[in-house]
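Notes to accompany the following structure.
The values are calculated or read from the model by the stated rules, or taken from the named source; none is laboratory data. No experiment lies behind these values; they were computed from the predicted model shown. Heads up, the Cβs are rebuilt from the backbone with ideal geometry, glycines too, and the neighbour counts pull from every protein chain shown. Note: areas computed on protein heavy atoms with side chains; ligands, DNA, RNA excluded. Shrake-Rupley method; radii C 1.70, N 1.55, O 1.52, S 1.80 Å.
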Amino acid sequence: MASGVQTAMTLAPGPVSAGPQQRDETMSLSPARLRPVDPAAAPGGGQPLDLATRLRRNRKSDWSRRLVRENTLTVDDLIWPIFVMEGEKTREAVPSMPGVERLTVDEAVRAAEQAAKLRIPALALFPYTQPGLRDETGSEALNENNLVCRALRAIKARVPEVGLITDVALDPYTSHGHDGVMDGERILNDETVNLLVHQSVVQAQCGADVIAPSDMMDGRIGAIRIGLDAAGLTDVQIMSYAAKYASAFYGPFRDAIGTSKTLIGDKRTYQMDPANGAEAIREAALDVEEGADMLMVKPGLPYLDVVYRLKEAFGLPTYAYQVSGEYAMIEGAIRNGWLDGSRVVEEGLMAFKRAGADGILTYFAPRVAERLSAGA
Ligand SMILES: NCc1[nH]cc(CCC(=O)O)c1CC(=O)O
Ligand SMILES: [Mg+2]
């Protein structure tokens, strides 16, 4: 160290005669950069480089890395999406999401107990609707005894301390797998919104704490807010899937809820074009104006720029959905031994925090919570 200081003194700031600095005039002219390096200090010559700033200093030990760490990942950041199905005491594997299962309602209650024990704040529920109950207009969505409603009541009765988030959209209930009602090839916006308001009120009356519309119809946030308030459900929150993209990463989810084989066409007339970023701001601005309490971006990792932009622009609680395809990619590689399991999962989740997310919907939630609570 002493010799480093000495070098800095003897080689006082002077004109730069060579080096990369000269090539780029816009480069910072801070004194630290201008100090020339002693030409005698050849690599391996034993003389330290004359660097005033060495960013590695703060990384030299575990305690120091912890001290300078900018972001943290905690159990409080996790939302656990689960799939529910008919039946009793049964769990059924979802092949394209290794490690994820569909749960009967009683097993969903077990999952909620596990969430409570791990202190995962909330679950997000998605139903696998019996094919015979699916129709053109998704009428099962409005049935207060449908799978989601029964799961809501069962979990609320046994594990009231866990937050329950429900998906509002018609796709688990329609014979064509679209999120709205159709007229020929068109997905009808305003007619669909009417049904979504009804669906939201039914779910909230059955115990949903947070209504999360994932349908991407225009105007649904405002309509749902009015509908909930009119039903006396003023405390029910709305988490808007504000920027939801027409993504190929939803494939395994559609296997899980049984819509991949029935879906006619694609969802590009209502979900966003993956090429668009500025449009996400417009989507979110409308949802904020219409009364959204929280915003969500979906998918997650490929859309971190959108997470960052929405958080910066609105400052609302903002969430990212690490979707089924992201889960399948990571878990597939882990199971093949190509990636180091816990490290890659936590690095990915930390990236959401760094981008500004307040939390993440992730199928890895119970696994990560277990590690975090073990202090690993
Ligand atoms: N409204 C449907 C819905 N809600 C959540 C997801 C995807 C979640 C995932 O892939 O994990 C989808 C799929 C879709 O839009 O087709
Ligand atoms: Mg919108």
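Is it the case, given these coordinates, that residue 121 is open to solvent by 70 Å² or more (accessible area, probe 1.4 Å) and either modelled with pLDDT of 95 or more or under 29 Å from residue 251 (Cα atoms) (or both)?
Numbers: open to solvent by 70 Å² or more (accessible area, probe 1.4 Å): no; either modelled with pLDDT of 95 or more or under 29 Å from residue 251 (Cα atoms) (or both): yes.
Here the answer is no, as residue 121 does not meet what is asked.
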Applying the selection to the stretch 342-375, what residues are assigned to a helix (DSSP H, G or I), among the β-branched types (Val, Ile, Thr) and within 17 Å of residue 122 (Cβ to Cβ)?
368
First in the stretch 283-312 and assigned to a helix (DSSP H, G or I), second anywhere and polar (S, T, N, Q), Cβ under 7 Å, 6 or more apart:
287/240; 301/322; 307/318; 310/318; 311/318
If we keep just the residues of the stretch 227-251 that are touching a Ser or Thr at 6+ places or on another chain (Cβ under 7 Å) and open to solvent by less than 20 Å² (accessible area, probe 1.4 Å), which is nearest to residue 319 (Cα to Cα)?
241
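State all residues of the stretch 313-324 that are touching a Pro at 6+ places or on another chain (Cβ under 9 Å) and either surrounded by fewer than 24 Cβ atoms within 10 Å (Cβ to Cβ) or in contact (Cβ under 8 Å) with a residue 60 or more places away in the chain (or both); if no residue qualifies, say none.
Within the stretch 313-324, 321, 323, 324 qualify.
I'm trying to understand the selection: among the residues of the stretch 229-242, which are within 11 Å of residue 168 (Cβ to Cβ) and in contact with a helix residue (DSSP H, G or I) (Cβ under 7 Å, 6 or more places away or on another chain)?
The initial filter retains those residues of the stretch 229-242 that are within 11 Å of residue 168 (Cβ to Cβ), namely 238-241.
Answer for the stretch 229-242, where residues must be within 11 Å of residue 168 (Cβ to Cβ) and in contact with a helix residue (DSSP H, G or I) (Cβ under 7 Å, 6 or more places away or on another chain): 238, 240.
Yes or no: residue 262 part of a loop (DSSP other than H, G, I, E, B), within 16 Å of ligand 1 (Cβ to nearest atom), open to solvent by 20 Å² or more (accessible area, probe 1.4 Å) and within 27 Å of residue 130 (Cβ to Cβ)?
On the way: part of a loop (DSSP other than H, G, I, E, B): yes; within 16 Å of ligand 1 (Cβ to nearest atom): yes; open to solvent by 20 Å² or more (accessible area, probe 1.4 Å): yes; within 27 Å of residue 130 (Cβ to Cβ): yes.
Yes; evaluated as a whole, the condition is true for this residue.
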Any idea which of 287, 255, 305 is open to solvent by less than 50 Å² (accessible area, probe 1.4 Å) and not polar (S, T, N, Q)?
287
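Which of the following residues is surrounded by fewer than 18 Cβ atoms within 10 Å (Cβ to Cβ), among the aliphatic types (A, V, I, L, M) and either touching a Cys at 6+ places or on another chain (Cβ under 6 Å) or farther than 17 Å from residue 87 by Cβ (or both): 141, 157? Write out each step before concluding.
On the way: 141 fails: surrounded by fewer than 18 Cβ atoms within 10 Å (Cβ to Cβ).
Sole residue among the options that is surrounded by fewer than 18 Cβ atoms within 10 Å (Cβ to Cβ), among the aliphatic types (A, V, I, L, M) and either touching a Cys at 6+ places or on another chain (Cβ under 6 Å) or farther than 17 Å from residue 87 by Cβ (or both): 157.
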Could you give every pair whose Cβ atoms fall below 6 Å, whose first residue belongs to the stretch 245-269 and is over 16 Å from residue 214 (Cβ atoms), and whose second residue is open to solvent by 50 Å² or more (accessible area, probe 1.4 Å), counting only separations of at least 6 or pairs across chains?
258/128
Within the stretch 103-129, of all residues that are without any contact (Cβ under 8 Å) to a residue 60 or more places away in the chain and of a type in the set (Lys, Arg), the one farthest from residue 168 (Cα to Cα) is 117
May I ask you to list the residues in the stretch 177-231 that are charged (D, E, K, R) and either within 16 Å of ligand 1 (Cβ to nearest atom) or touching a His at 6+ places or on another chain (Cβ under 6 Å) (or both)?
179, 215, 218, 220
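With the structure loaded, tell me whether residue 130 is away from ligand 1 (no atom under 16 Å from the Cβ) and within 20 Å of residue 83 (Cα to Cα) or whether it fails that test. Spell out how you get there, then give the answer.
Values: away from ligand 1 (no atom under 16 Å from the Cβ): yes; within 20 Å of residue 83 (Cα to Cα): yes.
Criteria met by residue 130.
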Which residues, taken from the stretch 171-193, are in contact (Cβ under 8 Å) with a residue 12 or more places away in the chain, within 16 Å of ligand 2 (Cβ to nearest atom) and not β-branched (Val, Ile, Thr)?
179, 180, 189, 190
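Could you check the stretch 226-259 and list, in sequence order, the residues that are among the aromatic types (Phe, Trp, Tyr) and touching a strand residue (DSSP E or B) at 6+ places or on another chain (Cβ under 6 Å)?
If the condition is that a residue be among the aromatic types (Phe, Trp, Tyr) and touching a strand residue (DSSP E or B) at 6+ places or on another chain (Cβ under 6 Å), then 241, 245 are the ones that fit.
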Is it the case that the stretch 329-341 has a residue that's modelled with pLDDT under 95, assigned to a helix (DSSP H, G or I) and open to solvent by 10 Å² or more (accessible area, probe 1.4 Å)?
yes
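Every residue in the stretch 212-228 that is in a helix (DSSP H, G or I) and near ligand 2 (Cβ under 8 Å from one of its atoms), please. First the steps, then the outcome.
Narrowing the stretch 212-228 to residues in a helix (DSSP H, G or I): 220-228.
The answer is 220, 221.
Identify all residues within the stretch 58-67 that are assigned to a helix (DSSP H, G or I) and either exposed (fewer than 10 other Cβ atoms within 10 Å of the Cβ) or touching a residue at least 12 places away in the same chain (Cβ under 8 Å) (or both); write none if there are none. If you could, list the steps in order and put the result at the bottom.
Step one: of the stretch 58-67, the residues assigned to a helix (DSSP H, G or I) are 58-59, 62-67.
Result: 62, 63, 66, 67.
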